[in-house]
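Note sheet for the following structure.
Each value in this text was obtained by applying a stated rule to the coordinates, not by laboratory testing. Worth saying up front: this structure is predicted, and the values here are computed from it rather than measured. No Cβ is skipped: glycine too gets one built from the backbone with ideal geometry, and neighbour counts run over all protein chains shown.
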Amino acid sequence: MYKLLIRPILFLFDPEKIHYFTFSVIRLTAKIPGVRGWRRSTYGIKDERLEQEIFGLKFKNPVGMAAGFDKNALILNELQDFGFGFIEIGTVTPEPQVGNPKKRLFRLKDDQGLINRMGFNNDGVDKIAERLKDSKTNIIIGGNIGKNTTTLNEESAPDFIRNFETLHPYVDYFVVNVSCPNVGDTAKLQDKDFLVGLLSTLIEKNKSFKIQRPILLKIAPDLNNGQLDEVVEIVHDSKIDGIIASNTSVDRSALKTDEERLAEIGNGGLSGKPVRDKSTRVIRYIHKKSKGAFPIIGVGGIHSPEDAIEKIKAGASLVQVYTGFVYEGPGLIKGINKAVLASGVLGKDSKEKAIESSETQKEMTHA
């Protein structure tokens, strides 16, 4: 029903406007008696075999909503009705900011992708923290944090610290976002020494709290093997808890969308099906290089249950969706969870065998 009836109507309108219109519809319909219960029974799956304990947190299932969808924590209660195991808010910055000029969100229908240059538009950490404080969700919430656009890269550490300290009582894990292509020059933020220093500082701040939150780093899908080796070293040296692979891509190669349209759209981060293979490659490489030393959350181009299974077989412990949710609809979450149950990939032995099998098949393909 979604792909045949609802999506064609939604896709007639500006992507950003329809994004917030959809928020309003989800929120308003949730107030109708019985709707939330219907959503939970339609899209949710309760099964102990789906449960995952990762970096000390118990996820009811391995499928999450990626950062960027509900930046400001506006519909957390409503989103959990669609069967998600966790939701990541943000990217959150210390001060509110409007982001980049509009238009800044574009559909690539032929590629089933999106290009965005939103620019960390959000309500600011104080307002979002108050909203989280008043929410009554019983789902794991991640806080994706970044710096304000006006903050110089070399002076950005206080921005991350303020976000961390303000959100700490209200989120279950943190994601340090230094890989977004839509907030100017991030070269300094991705420098190894800078990152180790920043992450180590957050680790120390974490120790001052009675309950310590897991800290993850979100990385780009366009990194080469040498840069991925550095990522593994950063995790080891800073002692953070894991990686999210991956953010949006700046690569425009092999797209079906014509060059004229891409030139008209301009710069921005590419998500959706075109980044699926890039993201999976990054996951597979980091998992193998690190010998599975830390958890990886896999995100990028998941439009089907098979895409999610591929990420898990490559080494991801959890997966996230965003663009796939837009193109495929809420049934995608249930479909992934059913496929995970059918495949048995979450068991440790099964996962290791799946990764080994995936590597062997890859080697045979390129032999």
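Structural remarks
- FRET efficiency for LEU4 and GLU130, using Cβ-Cβ distance with R0 set to 56 Å, rounded to 0.05: 0.90
- Think of the chain as a dipole: +1 on every Lys or Arg Cβ, -1 on every Asp or Glu Cβ, centred on the Cα centre; then among SER200, PRO94, SER135, SER135 lies furthest on the positive end.
- Approximating the spin labels as points 7 Å out from Cα along Cα→Cβ, the LEU152-to-VAL250 distance works out to 2.2 nm.
- Note on LYS31 and THR137: the extension gain reaches 36.6 nm, defined as 0.36 nm multiplied by sequence separation minus the Cα-Cα distance.
- Relative protection proxy for 195-202, 89-96, 46-53, from highest mean packing down: 89-96, 195-202, 46-53 (other beta-carbon atoms within 10 angstrom).
- About the Cα centre, charge dipole magnitude for segment 2-365 (Lys/Arg +1, Asp/Glu -1 at Cβ), debye: 1160
- Extension gain for TRP38-SER200 works out to 53.8 nm (0.36 nm per residue, less the C-alpha to C-alpha distance).
- Of ALA314, ALA66, ALA342, the one that fluctuates the most in a GNM where the chain has Cα springs shorter than 10 Å: ALA342
- Residue-span extension gain [GLU16 to GLU306] - 0.36 nm each, minus C-alpha spacing: 101.6 nm
- Ranked packing of 320-331, 33-44, 71-82, 223-234, most packed first, by mean Cβ within 10 Å: 320-331, 71-82, 223-234, 33-44
- Only Cα pairs under 8 Å and 6+ residues apart enter the sum, and on that basis the relative contact order of segment 208-311 stands at 32 percent.
- Least to most buried among MET65, MET1 (fewest other Cβ within 10 Å first): MET1, MET65
- The smallest convex shape that holds all Cα atoms of segment 2-365, its convex hull, gives 138 Å³ per residue.
- For the chain, averaging the sequence separation of C-alpha pairs within contact (under 8 Å, six or more residues apart) and dividing by the residue count gives a relative contact order of 16 percent.
- The orientation-averaged shadow of the Cα convex hull for segment 199-282, equal to a quarter of the hull surface, comes to 7.0 nm².
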